[in-house]
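The values are calculated or read from the model by the stated rules, or taken from the named source; none is laboratory data. Every value quoted in this text rests on a predicted model; they were computed, and no experiment measured them. Neighbour counts run over all protein chains shown; Cβ positions are idealised from the backbone, glycine included.
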Amino acid sequence: ALVLMVGGALVIGMAWPWAVQRLRAKPSAASVELAPIDHNIAATRHGFDIAGVRQTPYPGGGLNLVPPVAVPNQVRILDPNRLSPTFNVKQQVQGYYAFKSTLDIDHYVIDHNLRDVAIAVRELNVSGLPSGRKTWANTHLVYTHGYGVVAAPTDDMPEGLPDFVEGNLPPTGPLNVTTPQIYYGQMSPSYSIVGGPKGGTPKEFDRPNSDGAGPPINTTYRGGGGVPIGSFLHRLEYAWKLHSASVLFSSDINSDSKLLTVRNPRSRVAAVAPWLTLDGDVYPAVVDGHVDWVVDGYTTSNSYPDSQRVNLRGATSNTLTQGGATVTQPNRSINYIRNSVKATVDAYTGQVTLYAWNQASDPDPILQSWNDSFPGLIQPQSTMPPSLLLHLRYPQDLFNIQRSVLTRYHVTDPAQFYAGSDFWKVPTDPTVAAQSRLNAVGKTVSVSPPAQPSVYLTMSADGQAAARFSVSSPLTTLNRRNLAAFLSVDAEPGSEYGKFSLLQLPATGSVESPSQIQNDIESDSKIAHALTLSRGGNSRVVLGNLLAIPYAGQMLYVEPIYTRAAGNASFPILSHVVAIYGNGKPVFAKTLASALRQVLPHPARLPAPAQTP
């Protein structure tokens, strides 16, 4: 009986599935698997919130519209991934200030026009203090905060340098920063002890004197952040936790002193809502005179029925994450994601506020569960200040995940999906050279460049419609190097927010990909000669972002090129702008306007930025 039972189990558990697969499923695999594939496609597209994405044929070449559509007027030549050193040299003011290695992109009203700007917070960098001033008191009691923001339009670099519309100390500019102190930031010290009695002498360094010669301006922290540390027991407790006897014995700590810790905005949101997956890029926004850090929060799952799992780290990895400019996502798989929360952290008080996002049109059951568990933690979207709403944007990590999924799941026909012949891929960064490394057996192998980052840019989704603040990326064919599609999503809060545009290029492969365009640029004899001259002497060439922009039925590519002198104190300066339109030849010019006039088929007057309503 035991033998029969074991034998029967083997037949049922192994032989029968093998026979079905061999005799029925394998000969007609496509027809048998079409239904599960169809379910998988529908579930995956819903799980990653791309169910409504539809492809639109785009000529990609050979079309010359008359009359011409508006010339792109906010083409980004200030690359936020390259120009942080320039911000540091021109706006750092003192060595104990610094800017993040990658600038952020937002849009602000400047001279009555809505402009894309690169923005950065002037944060405290205590490692930049002279060695003789790096005392415990200076690094924890005196130098406690950063000061102000700096901003420059991304489409204008007069004399090769950013046009700083906001900056200086004290701050000046149209952003109207009235609370410039940055006590909570991405580069803040691990802890600071602040505060003091009312009417007492301020001891915290606030900023240098505006005339550069007088004594520094000091301040006393009056925000609601921090924990009291004035009593002996509190000082004893935190001296132990911080491994610092100075906390216990310093005479500069008083009964009104407060300890500021957990100062990184992303860490603060994670502490309040650990169930959220947070976007890797935290960015500042000037809201009603003060600085808020904006953190996008995701609800995720890896258990959504029939949806394909995607590795979170792999889908969001690109040049910026590998270079440390943005936070790398955890190495885990998900098959459902929603940007259900917009969080803010006040740079002065440290207050964390969570707002529900986009729940009216697409309620998220995961967020609702957490909201039921912690009532009052998440504020309704209706309570969000309008001045904050202006600076929210479609998050980049979510877009990067969706573009990765769409490389396969743009195919909605099960038979076509099964064949796999129409899949795409995310292009590698064409401005980054391939690297070599030793493999496990000691052989030198080539490592492909990381994925090309998506970009924030005010542009027309199809090259003809009105320009909108968007995040976008080209996509290439799977087994060839041609351009397959152009994906963008409206990143500007409003009725069109989150609306995708997926332009499908001709299957003939007649439209070049970013890597092919980059090769065209560097192999052009005139450009190659100019780059060789720029690389001579004590300077080197820095390639900026290669932008792909739909325009009048074709693709317009624009790349800023910077030169940087040798030495640690050097910084990139815009030297040329390269533009290619359709299948034309590269144009190499000193300015963006000159490049566009030479390369576009209708060299009309470049329009001014759009007026704000």
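Confirm whether Val121 is among the β-branched types (Val, Ile, Thr) and more than 30 Å from Leu242 (Cα to Cα). Judged against the criteria, Val121 is not a match.
Listed here are the helices (runs of 4 or more DSSP H) enclosed by segment 206-315 that have at least 1 residues being within 15 Å of Tyr184 (Cα to Cα): 265-272. For the residues Tyr184, Tyr108, the requirement of being part of a strand (DSSP E or B) and either of a type outside the set (A, V, I, L, M, F, W, C) or out of contact with any Asp or Glu (no Cβ under 8 Å at 6 or more places or on another chain) (or both) singles out Tyr108. If I filter segment 514-539 down to residues being at pLDDT below 90 and polar (S, T, N, Q), which single residue comes out as farthest from Asn482 (Cα to Cα)? For segment 514-539, the residue satisfying everything is Asn538. The residues of segment 551-590 that are outside any strand (DSSP E or B), modelled with pLDDT of 90 or more and either touching a Leu at 6+ places or on another chain (Cβ under 7 Å) or aromatic (Phe, Trp, Tyr) (or both), listed by number, are Phe571, Pro572. Determine if segment 329-341 includes at least one residue that is within 22 Å of the chain's Cα centre (by Cα), over 30 Å from Trp424 (Cα atoms) and at pLDDT 95 or above. Yes; the residues of segment 329-341 include at least one that is within 22 Å of the chain's Cα centre (by Cα), over 30 Å from Trp424 (Cα atoms) and at pLDDT 95 or above. Taking the listed residues Val489, Val511, the one that is over 22 Å from Thr591 (Cβ atoms), modelled with pLDDT under 90 and surrounded by 21 or more Cβ atoms within 10 Å (Cβ to Cβ) is Val511, with no other qualifying.
Taking (1) out of contact with any helix residue (DSSP H, G or I) (no Cβ under 7 Å at 6 or more places or on another chain); (2) touching a residue at least 60 places away in the same chain (Cβ under 8 Å); (3) at negative phi; (4) in a loop (DSSP other than H, G, I, E, B) in turn, Gly463 satisfies each apart from (3). Within segment 139-163, which residues are part of a loop (DSSP other than H, G, I, E, B) and more than 18 Å from Tyr348 (Cβ to Cβ)? Answer for segment 139-163, where residues must be part of a loop (DSSP other than H, G, I, E, B) and more than 18 Å from Tyr348 (Cβ to Cβ): Thr154, Asp155, Asp156, Met157, Leu161, Pro162, Asp163. Taking the conditions exactly as written (closer than 30 Å to Pro174 by Cα and surrounded by fewer than 22 Cβ atoms within 10 Å (Cβ to Cβ)), does Tyr283 satisfy them or not? In short, no. Summed over segment 186-235, residues that are among the basic types (Lys, Arg) and crowded, with 19+ Cβ neighbours inside 10 Å total 2.
Being of a type in the set (Gly, Ala, Ser) and under 27 Å from Tyr221 (Cβ atoms): is that true of Gly132 here? Against the criterion (of a type in the set (Gly, Ala, Ser) and under 27 Å from Tyr221 (Cβ atoms)), Gly132 qualifies.
Let's see how each residue does on (1) at pLDDT 95 or above; (2) hydroxyl-bearing (Ser, Thr, Tyr); (3) in contact with an Asp or Glu (Cβ under 6 Å, 6 or more places away or on another chain):
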{"position": "Val405", "(1), (2), (3)": "yes, no, no"}
{"position": "Ala419", "(1), (2), (3)": "no, no, no"}
{"position": "Ala433", "(1), (2), (3)": "no, no, no"}
{"position": "Pro449", "(1), (2), (3)": "no, no, yes"}
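Taking the numbered list (1) of a type outside the set (A, V, I, L, M, F, W, C); (2) touching a Ser or Thr at 6+ places or on another chain (Cβ under 8 Å); (3) under 19 Å from Ile77 (Cβ atoms) in turn, Gly146 passes all entries but (3).
Could you give every pair whose Cβ atoms fall below 8 Å, whose first residue belongs to segment 364-383 and is without any contact (Cβ under 8 Å) to a residue 60 or more places away in the chain and in the same structural domain as Lys342 (by TED's automatic domain parsing), and whose second residue is among the aromatic types (Phe, Trp, Tyr) and loosely packed, with under 13 Cβ neighbours inside 10 Å, counting only separations of at least 6 or pairs across chains? Filtered contacts from segment 364-383: no entries. Which residue is farthest from Asp281 (Cα to Cα), if the candidates are limited to segment 114-138 and must be assigned to a loop (DSSP other than H, G, I, E, B) and in contact (Cβ under 8 Å) with a residue 40 or more places away in the chain? Among those that are assigned to a loop (DSSP other than H, G, I, E, B) and in contact (Cβ under 8 Å) with a residue 40 or more places away in the chain, it is Asn125.
The listed residues are Pro171, Pro162, Pro153, and the only one of them that is at pLDDT below 95 and either surrounded by fewer than 22 Cβ atoms within 10 Å (Cβ to Cβ) or not assigned by TED's automatic domain parsing to the domain that holds Ala325 (or both) turns out to be Pro171.
Within segment 482-505, one or more residues are under 29 Å from Phe48 (Cα atoms), touching a helix residue (DSSP H, G or I) at 6+ places or on another chain (Cβ under 7 Å) and not hydrophobic (A, V, I, L, M, F, W, C).
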